[in-house]
Amino acid sequence: MILKRLIAFLIDLLLIVIIVNMFFFATQTVKSQLFVQFLSAMMVTMLLCKDCISGNSAGKRIIKIEIANEKEGEKISAVSCIVRNIFVVLWIIEIFVLFISKEKRIGDYVAKTKVVSSSK
């Protein structure tokens, strides 16, 4: 499951970078510092909210995994997804914790979530 999670995250990250770069290159004539800040904010927002639609991101859908509530196993709210993803800024520590625990990263512990195989 760890490898599936890492592959899903890399797919998500690649898609986010592609989308932000498309905006950047489409508006290459704009040399505004404000625009660069906007693109940076857009990238961070996409990273934090990548799982907000049904507890899945594009990478998770492709790899066929999803985020569920730790106790009931049901889909989680958008707020839980954002809380869970806030810890991505500590990505080195997150990967370390994931390899030690074998199933959860810091964001999962805080948001009380788990990643499970998709039923679809």
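Under a Cβ-Cβ cut-off of 13 Å, what is the net charge of the residues other than Gly107 that fall near it, where Lys and Arg count +1 and Asp and Glu count -1?
Residues near Gly107 contribute +2 overall.
Round to a whole angstrom and tell me the spacing of the C-alpha centers of the range 51-73 and the range 13-48.
Centre-to-centre (Cα) distance: 25 Å.
Within the range 22-72, what whole-number % of the accessible surface is contributed by carbon and sulfur, with the 1.4 Å probe and all protein chains included in the calculation?
Roughly 68 percent of what the probe reaches on the range 22-72 is carbon or sulfur.
For the chain, set up a GNM with springs between Cα atoms under 10 Å and report which of Ser77, Ser101, Ser57 has the largest fluctuation.
Ser101
What aspartates and glutamates does Lys104 reach when the alpha-carbon gap must be under 12 Å and sequence neighbours fewer than 8 apart in one chain are set aside?
Hits, sequence-local ones excluded: Glu70, Glu94.
Enumerate the lysines that Lys102 could reach by cross-link, defined here as Cα to Cα under 28 Å, with residues fewer than 8 away along the same chain left out.
In chain and number order, the partners are Lys4, Lys50, Lys60, Lys64, Lys71, Lys75, Lys112, Lys114, Lys120.
Top mean-square fluctuation among Ser80, Ser54, Ser40, Gaussian network model of the chain, C-alpha springs under 10 Å?
Ser40
Which of these, Lys50, Lys104, Lys71, has the largest mean-square fluctuation under a Gaussian network model of the chain (Cα springs below 10 Å)?
Result for the chain, Cα springs under 10 Å: Lys71 fluctuates most.
Treat each spin label as a single point 7 Å out from the Cα along the C-beta direction, and report the Glu72 to Asn21 distance in nm.
Each label point is offset 7 Å from its Cα along the Cβ direction, giving 4.1 nm.
Please determine, in degrees from 0 to 90 and to the nearest 10, the orientation of helix 2-26 with respect to the longest principal axis defined by the Cα atoms of the chain, where the helix direction is its Cα long axis.
With rounding to tens, the tilt is 20 degrees.
Relative to the first principal axis of the alpha-carbon coordinates of the chain, what is the inclination of helix 91-101, with its axis defined by its Cα atoms, in degrees from 0 to 90 and to the nearest 10?
Between the helix axis and the principal axis of the chain, the angle is about 10 degrees.
Could you please report the charge total around Asp12, scoring K, R as +1 and D, E as -1 over all other residues with beta-carbon less than 9 angstrom from its beta-carbon?
Around Asp12, the charge tally is +1.
Write down Rg/Rh for the range 1-113, rounded to two decimals, with Rg from the C-alpha atoms and Rh from the Kirkwood relation over Cα pairs.
1.02
Can you give the angle from 0 to 90° between the axis of helix 33-48 and the longest principal axis of the chain, with both taken from C-alpha atoms, to the nearest 10?
Its long axis makes an angle of about 10 degrees.
Work out, step by step, the length gained on full extension between Val36 and Ile7: first 0.36 nm times the residue separation, then minus their alpha carbon distance; give nm to one decimal.
Going from the current span to full extension adds 7.6 nm.
The values are calculated or read from the model by the stated rules, or taken from the named source; none is laboratory data. Note that the structure is a prediction, hence the values are computed from the model and not measured. Heads up, the Cβs are rebuilt from the backbone with ideal geometry, glycines too, and the neighbour counts pull from every protein chain shown. To get the accessible areas, we keep the full protein, side chains included, count just its heavy atoms, and leave off ligands, DNA and RNA. Shrake-Rupley method; radii C 1.70, N 1.55, O 1.52, S 1.80 Å.
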